[in-house]
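To keep things clear, I will list the structure first and then write my remarks on it.
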Amino acid sequence: ACVKAKEWQKALALKTAMREAGIVPNVITYSSCISACEKAAHWKKAVELMDEMRKAGIEPNVITYNACISACGKGKQVDVALNLKKQMEDAELKPDLVTYNSCIAACEKEKRADRALELMAEMRTKGFAPDLITYNTVISACAKANMWERAEKLVEEMISEGIKPDLVSFNSLLHALSNGIQWEKTYNVLVDMKRKHGIKPDLISYATCITTCENAGMWMRAYEIIIQMKQDGIEPL
RNA sequence: CAAUUUUCACG
């Protein structure tokens, strides 16, 4: 059952073909198909597949649920995603770190920073330490909810817990600051990520800073950043 | 190397 076709129609066609060839789809077959739907944000199909496999007497496992939660997240269905997490708890399956990260990502898509933060607190009580991805996702959630102060705090928090922020962390923080039109802070972060953390800003980082300066009416500053970007070997598009 | 999680934009 090796499904490498990453487009959902193809994956589903393959599954049908398998059945017709007399091969019984197993958990992994379904999980793969759900994953294929996920990339296309086809959350309804993903949920349908879960039902279908249950009817076929195949029990979804943690990975199956995680894939489906992710699919719902991409389709902006937080409630469906959180319901799935409940379902798996009822089915005496233990949500794992990926489950939480996927649920938090679902909240992020819907700008539900409050729920994302709640979930992060909940996972701690269940003995899961938030990892880099957890933090990055929550920071991004704060960015979308216009909570740049919280985003700043989260970065400090992760550092104090020994998790090194990466390029994604900083880009998310930059977006948070950008949405708050904190152009000075945005610029400081851009400088700090390179000087203090050894992370090279990429095109996204620079573009975010430039946009912020433009929104703040700081045209000269925006221009200076473009110059720096070119010195860094990154070309504006 | 059979399946699952994070940033902007496009889709």
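Read-outs throughout are calculated quantities, based only on the coordinates presented, and are distinct from any laboratory measurement. If you're wondering where the values come from, they're calculated on a predicted model, not measured in any experiment. FYI the Cβ positions are ideal-geometry reconstructions off the backbone, even for glycines, and counts take in every protein chain you see.
Points to keep in mind about this one:
- Region A:124-141, subset more than 11 Å from RNA strand B (Cβ to nearest atom) and either assigned to a helix (DSSP H, G or I) or within 16 Å of the chain's Cα centre (by Cα) (or both), residue surrounded by the fewest Cβ atoms within 10 Å (Cβ to Cβ): A:THR125
- Any hit, region A:53-70, residues being small (Gly, Ala, Ser), farther than 20 Å from A:LEU119 by Cβ and without any contact (Cβ under 8 Å) to a residue 60 or more places away in the chain: yes
- Only one entry of A:LYS185, A:LYS153, A:LYS164 meets the criterion of being more than 11 Å from RNA strand B (Cβ to nearest atom), at negative phi and not in a helix (DSSP H, G or I), and that entry is A:LYS164.
- Positions within region A:55-113 being charged (D, E, K, R), in a helix (DSSP H, G or I) and within 11 Å of RNA strand B (Cβ to nearest atom), in sequence order: A:LYS74, A:GLU108, A:LYS109
- Count of region A:180-237 residues which are more than 22 Å from A:ILE159 (Cα to Cα), surrounded by 14 or more Cβ atoms within 10 Å (Cβ to Cβ) and small (Gly, Ala, Ser): 4
- Output for region A:188-207, where each listed residue is farther than 17 Å from A:TYR223 by Cα and either in a helix (DSSP H, G or I) or without any contact (Cβ under 8 Å) to a residue 24 or more places away in the chain (or both): A:VAL189, A:ASP192, A:MET193, A:LYS194, A:ARG195, A:LYS196, A:GLY198
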